[in-house]
1. Evaluate segment 150-168: report whether one residue or more is surrounded by fewer than 21 Cβ atoms within 10 Å (Cβ to Cβ), over 23 Å from Q198 (Cβ atoms) and of a type outside the set (A, V, I, L, M).
2. Looking at V38 and the list (1) in contact with a helix residue (DSSP H, G or I) (Cβ under 7 Å, 6 or more places away or on another chain); (2) of a type outside the set (D, E, K, R); (3) within 27 Å of H203 (Cα to Cα), which single condition is not satisfied?
3. Please name all residue pairs, on different chains or six or more residues apart, with Cβ atoms under 6 Å, provided the first residue is in segment 15-26 and is on the phi > 0 side of the Ramachandran plot and the second residue is assigned to a loop (DSSP other than H, G, I, E, B) and charged (D, E, K, R).
4. Does L75 fit the bill of being out of contact with any strand residue (DSSP E or B) (no Cβ under 9 Å at 6 or more places or on another chain) and either among the polar types (S, T, N, Q) or open to solvent by 30 Å² or more (accessible area, probe 1.4 Å) (or both)?
5. Against the definition (surrounded by fewer than 14 Cβ atoms within 10 Å (Cβ to Cβ) and outside any loop (DSSP other than H, G, I, E, B)), how does H29 come out, yes or no?
6. Name every residue in segment 32-70 that is in contact (Cβ under 8 Å) with a residue 12 or more places away in the chain and in a helix (DSSP H, G or I), in order of residue number.
7. Looking at L200, is it modelled with pLDDT of 95 or more, more than 22 Å from Y116 (Cβ to Cβ) and either within 17 Å of the chain's Cα centre (by Cα) or part of a helix (DSSP H, G or I) (or both)?
8. Restrict the check to segment 170-189 and report whether at least one residue is of a type in the set (F, W, Y), surrounded by fewer than 17 Cβ atoms within 10 Å (Cβ to Cβ), at pLDDT below 95 and part of a helix (DSSP H, G or I).
Amino acid sequence: MYSQDYPKDRLEVLIVDSGSTDGTVELVHEWIKGHEDVNVRVIEEGIRMGKAHALNTALKYARGDIIVVTDADSLWLPDSLRNAIAWLMSNGVGAVSCSKIPRTNRDIETEYRSYYGLLRLAESRRFSSAIFHGELAAFKRELLEKIGGFPKDVGADDSHTAGFVSMMGYRAIIPEDVKCIEYVPSRGYWMWRVRRAQHLIQHFSRFLKYMLIDNRNSPREYRQIMLYEAYLHLINPWLFIIGLALLVVSALHGAVIPIALLLIGLALLSVRFFRTWVITQVILVVAAIRNLWNKELVWRKIEK
């Protein structure tokens, strides 16, 4: 934040501490002593009540017309904030998020982000991105207040909030010139992926209900994007698992074509793109099952 190419006298930084035990508050106060040119305030909640609750607490204290959210484990490029604010000044734009650059030595995460990022950019050019990123998410305050702040009963609070903004007719976009570095966990990587998948499944399940059952109004372009993404996250993974199970059963009974298809699939696992896609489908299925008993709305940060 401090290294941003943005006037420091226009910044108001609110740090919400929800019962941390690692000395975060002391470190922040120590940092403030040497950076008095920035308006920084620490808000202590005392106990952990989830990210969305912390964001709504900060919203009560914030004074600016633009609310920018960030995660503790992200790093903005020097022009990230300036570019995000510039996009928010465009007509019809109500929210802006970032493209993520993963800092990791895991090939699967790098490959996943490469095509994942292309989808976010394409959706933004069409109308709005279906998924937002907590590493940097900027909203017009007036729109946040209209929707009642950040939702506390769904994990993907950033994406869900952007979804409500889009349903009001405003664009929620991820531009190419707003980038953030994301620190990928060194430990607990797979649980981290499952938790994120759980939150996206909650997000798309809700919006599927809003659009198909509640018949809420939304721009046609955004409805198309959300239905497509809902299919990719909620239906396609199960079709993959069911299809794979049928192939295995048929192969065990000696059917030649299923055996050939399974062998081709095994060979294709050597291709990083295909392997990443398969793993992603499995993660989404595991996440959907785990959502049945644990929504992961309040969690501990994984070491990164």
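1. no
2. Of the numbered conditions (1) in contact with a helix residue (DSSP H, G or I) (Cβ under 7 Å, 6 or more places away or on another chain); (2) of a type outside the set (D, E, K, R); (3) within 27 Å of H203 (Cα to Cα), the odd one out for V38 is (3).
3. Note: pairs meeting the criteria are G19/R48.
4. no
5. Here the answer is yes, as H29 does meet what is asked.
6. Across segment 32-70, the qualifying residues are K51, A52, H53, A54, L55, N56, T57, A58, L59, Y61.
7. No; evaluated as a whole, the condition is false for this residue.
8. Yes, the conditions are met somewhere in segment 170-189.
The values are calculated or read from the model by the stated rules, or taken from the named source; none is laboratory data. Model, not experiment: these values are computed from the prediction. Note: ideal-geometry Cβ built from the backbone for every residue, glycine included; neighbour counts use all protein chains shown. Surface areas here come from the heavy atoms of the whole protein model, side chains and all, with no ligands, DNA or RNA. Shrake-Rupley method; radii C 1.70, N 1.55, O 1.52, S 1.80 Å.
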